[in-house]
Every structure is written in structure tokens, then in C-alpha cells.
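As C-alpha cells, the structure follows; a few thoughts come after it.
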Amino acid sequence: MGALNRLQDEVMHRKPHLALKSFWVLFSVGLLYVSFGVCFGLLEYGVPPILMSRGVDLASMGWVIALYIPFGLTFLWAPLIDAKSLPWLSYRIGWIALSQLLSSALLVVIALGENYSPAVLFGLGLAVCFAIATMDLALDALAVDIVGSKYRATAAGLKVAALALGGLIGGGVLVGSFDRLGWSGTFLLTAALPLVTLLPVLTLIYADRPQSFGAARASILTTLRRPGALRQTLLLSLTTTATIALVYFQRPILVEMGVPLSDIGWGLGTLAPIANSFAALAIVPILARTSPAKTLAMLVCLSALFAGGTVMSIQMASTKAVMVWALLQGVASSALSVIIYALILKWSSRDQSATDYSVLCGTSRLLATVTLMVVPQVIPYLNWAAFYALAIATLCIVALLIRREVADLAGSGS
């Protein structure tokens, strides 16, 4: 395994004439992240305001948030992804292709079923989420396997930027165009993306190989027994939950304040992903040139400032100010997400990368999902000021605890 890893590093990083291959790997992986981002962006940022504009209140949105659950449970089938190759294509790419095809087919069914009962639509939506969660799992494992430590921060930045770009389409353009496209048009366009974005990654079959025979014995227990794994999982879960909580509810808040859906889609829905993509890419050279720990502290301070601005704007009933602070908060959260994903890449071993990545990332998403489901129920008895203060306090504590772990993210260690 050590020889194979050294060979990969040489192929991916040390031969100048193969720089194009490194670019193509990152481009192909990034394009699939865009596809994932569109589906996830429509789910996370599009469906809630669309339903609220049709009369569904915030307190009833828990079932929509429940669609995120598959993204937090990927560790349950991750050992299968590590241990088994499908009888077509290659080790990881076979799973990626199957998942993309399934998600596309299910989205077509949803596009044709606007009048289906809520229970049927929820079941179809849950199936789509299982499919794209599996694709994301296999894709993340592929990134761990073939992206060396030299490009770890770059890969993390690319993922966050691609997800933001996908959010631009799914949570911005599609929401802003929903009145014109209608239900069927919106979901048919979304269904086409998994197929188109699958093509480039098919050329990476040559690099997609099992790292060792240990993958056949992949298990969650192996991950949890690794020194420091439980601590890493807890810290990542708290960081992810706080980061997502800071940005998730701003659009429902704007709907409650009377902002038209089209204004949210074409305003915040388009500007925020562009700004987030820029932040995710810009933070990579910053991490390489400055202390990652200091950069982390700066981002936490900015998040606190932006959260305070959001709360004050809500109290002043200034919708324009809420949108501005939401835009800035998204920038800070995107930069923080690059650090989070870089840590996950660092802490995932190549022996069972899908399982390690899913435990670290999936558990984080699961805790975030449960938190987001609870918030709409308790906000009427609490207030947004207390909610944002709690999120910032959590972020500050975790930042202190992980400052040493982020110190070498820009380095070349394994």
C-alpha cells in the first residue's frame, strides 16, 4: 500500500507534464459536486420557501428537513461501498454512475407527479436523497483515494465552491424561475444534470482502484477504534451543526417577513452562491500563506459579527439588511466549510475511505439535521437572538479545541 500511495503522489503531484491529469481529476470530481449541489440546493434552499409561499408554515417544515436524514446515515452502507465493486466500470465510479442514474430517474417521476399525495412525494424525495447521498459518499471516497495531500485543501475548496455553484442553480435560478418553469419544468431540468455531469468522471477509471485488501474488511468499528476518532467525530458534528444553523433559516425568515419568493431566488439565491464560491476558492491560498489556526479564529469572529447583524436587522424589520447579513454569513460559513472538509480528508484513511469519511461527515450531518428539525418547534418559545448566540458560542468552543488539528492543513503531510 505504501508503494502505491507513493506512486500516486508521484503521478498526481511530482511530474510537471502530468499537471493536466491533476487538473482533470479535480475538474471531473468538481463537476459531480455541482450536480450534487443543485439537487441539495433545491432541497435545502428551494423547497422550503416554495412550500411556504404555498401556505405551509415554518412549524410544519420538519418533514422537509427529514429528507436530509440519508446524508447522515451513509455510514450504515459505507462498508459495502468500500468492500464491493459493482460488475461494471470501476471500484468507486460504478457506485457513482448507478446513483446518478437512479436519482435522475426518480426526479423525472417527481416532475410528473405534482398532484401526488404528500406521502408519495415524501417517499420519492427520500429515495432521491438516498441515491444522491450514496453518490456523494462514493465521490468523497474517490477524492480521498486519488487526491494526494498536496491538493487536500484545494479539493476541499473545490467541493464547497461546486456545492455553492450548485446551490446557485438549485436554490437561486430554479427558485427564481419556478413561477415560469412550473413544477414539472423545475424537476426535469434538475433530473438532466446527474446524467450530464457523470460523463467526465468516467475517464478516471484508470485511477480508481482499491487501496488495499483491507477494504474487504471495512467496518464502522474499525473507524471508531482508530485513535482520536470519537473526538474528531464529535468536534466535526458540532462545527457542522453550528455552521449550517447560521445560514439555514435566513430564507424562511425572509419569507415570514413578507419578501416575495422571486426576490429571494434572484437576490440572495444567486448572489450568495457566487460569493460563497469565491470565498471557498479564495480561502485555499490564504490557508497556504498564513496560519490556518489564525484564519479559523478570524472566520469565527466574522461569523459572530454577521450573526449579530442578522438579529438586529430582524428586530428592526429591515429585510434588505437581513439579506445583506445573510450574504456575508454565507461567505464566512463557506470558508469555514473548506476547513471542515479538509479535516475530514485528512482524517480519512485510504484503507476504507468511504467508511471513514461517512462516519466523520455523515454523523456531522445527522446531528445538524436533528438540530434543524427541532429549531422550528422551539423558536416560538425562544427567539432568534438566543438561537444565533448559541450557534456562535458552539463555534467558538470548537474552534479552540481544533486549532491544533487545523495547523498543518496547508502542509504536505499525510
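The values are calculated or read from the model by the stated rules, or taken from the named source; none is laboratory data. As the structure is a prediction and not an experimental result, all values here were calculated from the model. Note that we place each Cβ from the backbone using ideal geometry, even for glycine, and neighbour counts take in every protein chain shown.
Determine if region 28-44 includes at least one residue that is touching a Phe, Trp or Tyr at 6+ places or on another chain (Cβ under 9 Å), at pLDDT 75 or above, in a loop (DSSP other than H, G, I, E, B) and of a type outside the set (Val, Ile, Thr). No. Just one of the listed residues (ALA242, ALA317, ALA275, ALA307) is over 30 Å from PRO79 (Cα atoms), out of contact with any Gly (no Cβ under 7 Å at 6 or more places or on another chain) and part of a helix (DSSP H, G or I), and it is ALA307. Scanning region 78-89 for residues that are outside any helix (DSSP H, G or I) and surrounded by 17 or more Cβ atoms within 10 Å (Cβ to Cβ) turns up SER85, LEU89. Give all pairs with beta carbons closer than 6 Å in which a residue from region 197-210 that is closer than 13 Å to ALA138 by Cβ and modelled with pLDDT under 80 meets a residue that is of a type in the set (S, T, N, Q) and surrounded by 14 or more Cβ atoms within 10 Å (Cβ to Cβ); count only pairs at least 6 apart in sequence or on separate chains. Here the result reads ASP208/SER90, each pair linking region 197-210 to a residue that is of a type in the set (S, T, N, Q) and surrounded by 14 or more Cβ atoms within 10 Å (Cβ to Cβ). Within region 72-91, the set of residues being over 24 Å from the mean Cα position of the chain (by Cα) and within 20 Å of THR222 (Cβ to Cβ) comprises ALA83, LYS84, SER85. Scanning region 250-272 for residues that are surrounded by fewer than 23 Cβ atoms within 10 Å (Cβ to Cβ) and touching a Gly at 6+ places or on another chain (Cβ under 7 Å) returns SER262, TRP266, THR270. ARG289 fulfils the conditions (1) touching a helix residue (DSSP H, G or I) at 6+ places or on another chain (Cβ under 9 Å); (2) surrounded by fewer than 24 Cβ atoms within 10 Å (Cβ to Cβ) except for a single criterion, (1).
In the set ILE397, ILE339, ILE392, ILE314, which member is modelled with pLDDT of 85 or more and within 25 Å of ASP145 (Cα to Cα)? The match here is ILE339.
The criterion of being in a helix (DSSP H, G or I), modelled with pLDDT under 90 and either of a type in the set (S, T, N, Q) or under 22 Å from the mean Cα position of the chain (by Cα) (or both) does not hold for LEU328.
Quick check: is even one residue across region 182-189 in contact with a Ser or Thr (Cβ under 7 Å, 6 or more places away or on another chain), touching a residue at least 60 places away in the same chain (Cβ under 8 Å) and not small (Gly, Ala, Ser)? No, region 182-189 contains no residue that is in contact with a Ser or Thr (Cβ under 7 Å, 6 or more places away or on another chain), touching a residue at least 60 places away in the same chain (Cβ under 8 Å) and not small (Gly, Ala, Ser).
The criterion of being over 21 Å from ALA164 (Cβ atoms), more than 19 Å from the chain's Cα centre (by Cα) and part of a helix (DSSP H, G or I) does not hold for ALA354. If you filter region 232-287 down to residues that are of a type in the set (Phe, Trp, Tyr) and over 22 Å from TYR151 (Cα atoms), you find that the one that is modelled with the lowest pLDDT is TRP266.
Tell me, please, whether a residue that is over 19 Å from ILE340 (Cα atoms), surrounded by 15 or more Cβ atoms within 10 Å (Cβ to Cβ) and touching a helix residue (DSSP H, G or I) at 6+ places or on another chain (Cβ under 9 Å) can be found in region 237-249.
Scanning region 237-249, I find at least one residue that is over 19 Å from ILE340 (Cα atoms), surrounded by 15 or more Cβ atoms within 10 Å (Cβ to Cβ) and touching a helix residue (DSSP H, G or I) at 6+ places or on another chain (Cβ under 9 Å), so the answer is yes.
Evaluating ILE344 against the criteria (1) over 16 Å from the mean Cα position of the chain (by Cα); (2) assigned to a helix (DSSP H, G or I) leaves one unmet condition, (1).
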